[in-house]
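The block underneath contains the structure these notes are about, expressed in structure tokens.
The values are calculated or read from the model by the stated rules, or taken from the named source; none is laboratory data. Small disclaimer: the values here were computed from a predicted structure and weren't measured. In this analysis, Cβ positions are derived from the backbone assuming ideal geometry, glycine residues included, and neighbour counts consider all displayed protein chains.
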Amino acid sequence: MRPRVRKTVVAIHIVASVALLGEVWGLVVLNTAATLTDDPGLAHAAYLLMPALVFAGGIPLSLVSLATGVLLGLTSHWGLLRHVWVAAKLALLVATICLGMFLFDPEGMAAATEGGIRAAATRQWGQVAVLGCQLAMLLTSTALSVFKPRARLWSVDPVQSR
């Protein structure tokens, strides 16, 4: 990949990844506020807002981060599965996406709080926990990008050697 194109892809990857981190942080704050409030109308409004954040931010940002990360891994000396930190970042992002797909349910929470009904505290805190796990994984991924542990998985990247 040409240096200018590579730098552009790196910039897009960084922006998408940092924006995803911010989007998840916003969801953590919004979900925690909905869980802690004594105002059922406010909780319902918060849960109604969350899908807009997910569909306008979380999904596109996570897919852009994934696509650019895989592209960079396949076209750089770091490789996709050569270094532990690159493979770990890939696994963490895929796990973050899966948590969002399978466990985070803002639409269900909005339905559960419709009409001023308070959702079960365990369900509410479960949603906060899912987002907290996503946040922890994204922060770990960021730290891996900065510190780049030198441990290797393979001396030759099996994906690039094809």
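Laid out as a table, the results:
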{"quantity": "Test: residue in the range 104-120 that is of a type in the set (A, V, I, L, M, F, W, C) and within 18 Å of the chain's Cα centre (by Cα)", "calculated": "yes"}
{"quantity": "Out of 52, 43, 95, 67, sole residue that is surrounded by 15 or more Cβ atoms within 10 Å (Cβ to Cβ), among the small types (Gly, Ala, Ser) and either in contact (Cβ under 8 Å) with a residue 40 or more places away in the chain or over 17 Å from residue 136 (Cα atoms) (or both)", "calculated": "43"}
{"quantity": "For residue 97: the one exception among (1) β-branched (Val, Ile, Thr); (2) modelled with pLDDT of 95 or more; (3) closer than 29 Å to residue 39 by Cβ", "calculated": "(3)"}
{"quantity": "Flag if residue 53 is closer than 27 Å to residue 153 by Cα, at pLDDT 95 or above and within 21 Å of the chain's Cα centre (by Cα)", "calculated": "no"}
{"quantity": "Neighbours by Cβ (under 7 Å, 6+ apart or cross-chain): first from the range 115-129, within 15 Å of residue 38 (Cβ to Cβ); second among the polar types (S, T, N, Q)", "calculated": "119/113; 124/35"}
{"quantity": "Filtered residues of the range 16-40 (kept if over 13 Å from the mean Cα position of the chain (by Cα) and either surrounded by fewer than 21 Cβ atoms within 10 Å (Cβ to Cβ) or of a type outside the set (A, V, I, L, M) (or both))", "calculated": "29, 30, 31, 32, 33, 35, 36, 37, 38, 39, 40"}
{"quantity": "Count of residues meeting criterion [free of Cβ contacts under 8 Å to residues at least 24 places away in the same chain, part of a helix (DSSP H, G or I) and either within 19 Å of residue 126 (Cα to Cα) or among the hydrophobic types (A, V, I, L, M, F, W, C) (or both)] in the range 19-40", "calculated": "4"}
{"quantity": "Residue 7 vs. criteria part of a helix (DSSP H, G or I), out of contact with any Gly (no Cβ under 7 Å at 6 or more places or on another chain) and either of a type in the set (D, E, K, R) or buried (at least 19 other Cβ atoms within 10 Å of the Cβ) (or both)", "calculated": "yes"}
